[in-house]
Every structure is written in C-alpha cells, then in structure tokens.
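The structure under discussion appears below in the form of structure tokens.
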Amino acid sequence: MEPLQVDIITIFPDYFREAFDYGIVRRAGAAGLINIRAHDLRAWTTDKHRMVDDRPFGGGDGMVLKPEPIFAAVVSLVGADRRESIASGKRVVLLSPQGRSFTQALAAEFANCKQLVLICGRYEGVDERVAEALADEISIGDYVLSGGEPAALVVIDATVRLLPGALGSATSAANESFSDGVLDYPHYTRPPEFEGMRAPKVLLNGNHAEIACWRREASLDKTKRNRPDLLK
C-alpha cells in the first residue's frame with residue numbers, strides 16, 4: 001500500500017519541524033504509512049517582496065491571504081483539474097473557522113485518500129475564491145485560532161489513527177469515541193479502589209458478555225450527560 005501523502009501549505013513551515021516526531025504519527029511515518037511535507041506558501045509568489053497577503057476590499061481590520069500563490073501551490077501539488085484530483089483520491093482542504101465541522105467520519109474519508117493537501121489560513125482569513133473553487137472548507141471547532149497550523153495537526157493526528165496498521169490493535173480505532181456515533185465508554189485500571197472510588201465490579205469479573213453490555217450502557221449514559229446532541 002502506498003503511503004498517504006500529506007502536503008501542508010503554510011507561511012510557517014518550521015511550525016511543523018518536530019511536530020510529527022512523536023507517538024503514532026512518527027510510527028506511521030517510519031512504517032511507510034504516511035509521508036508529510038510542509039511547504040512555504042511564499043515559494044509560489046512572483047513579486048520581489050514575496051507577498052502572500054493584502055488588504056481586504058471594502059476596508060476592515062487585518063490582512064487577507066491572496067489567492068494567486070495558494071492556487072499556484074495547489075496546482076503544483078495535485079494538478080489543475082479539481083474534479084479529476086478528487087476522482088483520483090486527492091483532497092484539498094482549507095482549514096477555517098467558517099468551514100463544516102471536522103468529524104471522525106471525515107477523518108475516515110481522509111484516511112482513504114491518496115493525497116491530502118491542507119491549506120493553513122492566517123491573519124483575517126483567506127480570499128473567498130479559494131473556498132469557492134479550490135478546496136473544501138473544514139473547521140475543527142467553534143472557536144478562532146491564530147492560524148490553521150494547529151488545526152492541521154489535529155486533522156493529521158485523527159486521520160493517521162485510522163490508517164490500517166497505524167495502531168497496535170486492529171480494533172482500537174473502532175472502539176473509540178465517535179466511531180459508532182457515541183462517546184467511548186469509561187476506562188479504569190489498577191488499583192481497583194482509589195481514594196474511596198471503586199472501579200465497577202463488572203469489569204473485574206472476567207465475564208466478557210456482561211462487560212460488553214456494561215460498556216455499551218455506560219457509553220450511552222456518558223453520551224447523554226456530556227454530548228446529548230449526538231443521540232439525536
């Protein structure tokens with residue numbers, strides 16, 4: 001199986017210098033499951049000042065990332081035809097607070113791609129034509145970050161976990177939160193009692209059928225308490 005190729009377009013490529021040298025992402029890279037490259041957006045500028053941003057039309061605070069270098073970067077990485085790129089397993093994503101929510105299901109889609117290009121926004125945002133014609137707009141939550149770089153780390157980490165062979169157990173990803181639409185069940189380990197709090201007896205009795213039943217009920221109960229919206 002060919003590795004998933006991940007290309008990050010950013011004005012701060014050094015942000016990712018050591019970010020993937022740890023944990024599952026490092027092991028997946030060493031096993032040939034994923035290849036990650038961070039590209040400096042300024043490499044696709046054509047003026048002597050290497051400008052990637054400009055003032056927004058209509059006035060307002062801050063600066064906006066220009067469309068020309070982003071389009072040039074994406075074309076050089078995946079080709080000029082967006083439909084053809086998608087059909088061949090290549091996805092281009094703009095990380096933005098205005099995008100649709102990043103979910104476990106979307107991470108699974110990305111894990112099945114051949115290539116994933118992540119565009120990291122900065123400043124006041126990115127020229128809207130990038131989202132209109134070039135990329136899927138994705139948000140990791142209802143809050144604003146200084147840029148798309150932290151969001152890129154989140155997307156990559158969640159995606160890598162779903163690559164076949166990335167985790168030690170074939171069932172690990174299937175049993176985690178959101179894999180079946182609800183939160184993961186509570187976990188306990190030694191000691192069985194800590195500061196007056198005991199682990200559920202059912203987890204200690206060795207009856208796997210009873211444990212499975214308890215875990216399902218506990219998963220639903222935790223979802224009802226913490227994320228009732230998921231049960232709708």
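Using the charge dipole of the chain (Lys, Arg: +1 at Cβ; Asp, Glu: -1 at Cβ; taken about the Cα centre), state which of ASN35, ILE138, ALA209 has its Cα farthest towards the positive end. Looking along the dipole axis, the top candidate is ALA209. Residues with beta-carbon under 12 Å from that of ALA19, excluding ALA19: net charge, scoring Lys, Arg +1 and Asp, Glu -1? Residues close to ALA19 contribute a combined charge of -3.
Just to confirm a number: summing +1 for Lys and Arg and -1 for Asp and Glu over residues other than VAL144 whose beta-carbon lies under 14 angstrom from that of VAL144, what do you get? Surrounding charge for VAL144 is -3.
Net charge in the neighbourhood of ALA87 (other residues with Cβ under 15 Å of its Cβ; Lys, Arg +1, Asp, Glu -1) is +1. Per residue, the average separation of C-alpha pairs within less than 8 Å and at least 6 apart gives the stretch 37-105 a relative contact order of 20 percent.
Counting only protein heavy atoms and a 1.4 Å probe, the chain has 60 square angstrom of accessible area per residue.
Projecting the Cα positions of PRO67, THR45, LEU4 onto the charge dipole of the stretch 1-104 (unit charges on Cβ atoms of Lys, Arg, Asp and Glu, taken about the Cα centre) puts LEU4 furthest along the positive direction. Taking the dipole about the Cα centre of the chain, with the C-beta of Lys and Arg at +1 and of Asp and Glu at -1, give me whichever of VAL154, GLY79, GLY196 is farthest to the positive side. It is GLY196. Taking the accessible area of the chain, probe 1.4 Å, and keeping the other protein chains in place, the carbon and sulfur fraction comes to 51%. Expressed to the nearest 5 percent, the antiparallel share of DSSP beta bridges inside the chain is 15 percent. Starting from the Cα gyration tensor of the stretch 1-106, take the square roots of the eigenvalues, sort them a ≥ b ≥ c, and report rounded, prolate or oblate (rounded when a/c is under 1.5, otherwise prolate if a/b is larger than b/c, else oblate). The shape class here is prolate. Classified by the C-alpha gyration tensor, the chain has a prolate form. Its axis ratio a/c, with a ≥ b ≥ c, is 1.5 or above, and a/b is larger than b/c. Helix-only arithmetic for the chain: the sum of -39500 (n - 2.57) across DSSP H runs with n ≥ 4, divided by the residue total, places the mean residue ellipticity at 222 nm at -9000 deg cm²/dmol.
When the square roots of the Cα gyration tensor eigenvalues are ordered a ≥ b ≥ c, the ratio a/c for the stretch 184-232 is 1.5 or more and a/b does not exceed b/c, which makes its shape oblate. Largest to smallest in accessible area, the residues THR45, THR189, THR103, THR10 fall in the order THR189, THR103, THR45, THR10 (1.4 Å probe, all protein chains included).
Comparing ILE211, ILE34, ILE86 in a Gaussian network model of the chain (Cα springs below 10 Å), the most mobile by mean-square fluctuation is ILE211.
For the residues ALA152, ALA135, ALA31, a GNM of the chain with alpha-carbon springs under 10 Å puts the largest fluctuation on ALA31.
The values are calculated or read from the model by the stated rules, or taken from the named source; none is laboratory data. Quantities reported herein were computed from a predicted structural model and do not represent experimental measurements. Positions of Cβ are backbone-derived with ideal geometry, glycine not excepted, and every protein chain shown enters the neighbour counts. Side chains are part of the model used for accessible areas, which takes the heavy atoms of the whole protein and leaves out ligands, DNA and RNA. Shrake-Rupley method; radii C 1.70, N 1.55, O 1.52, S 1.80 Å.
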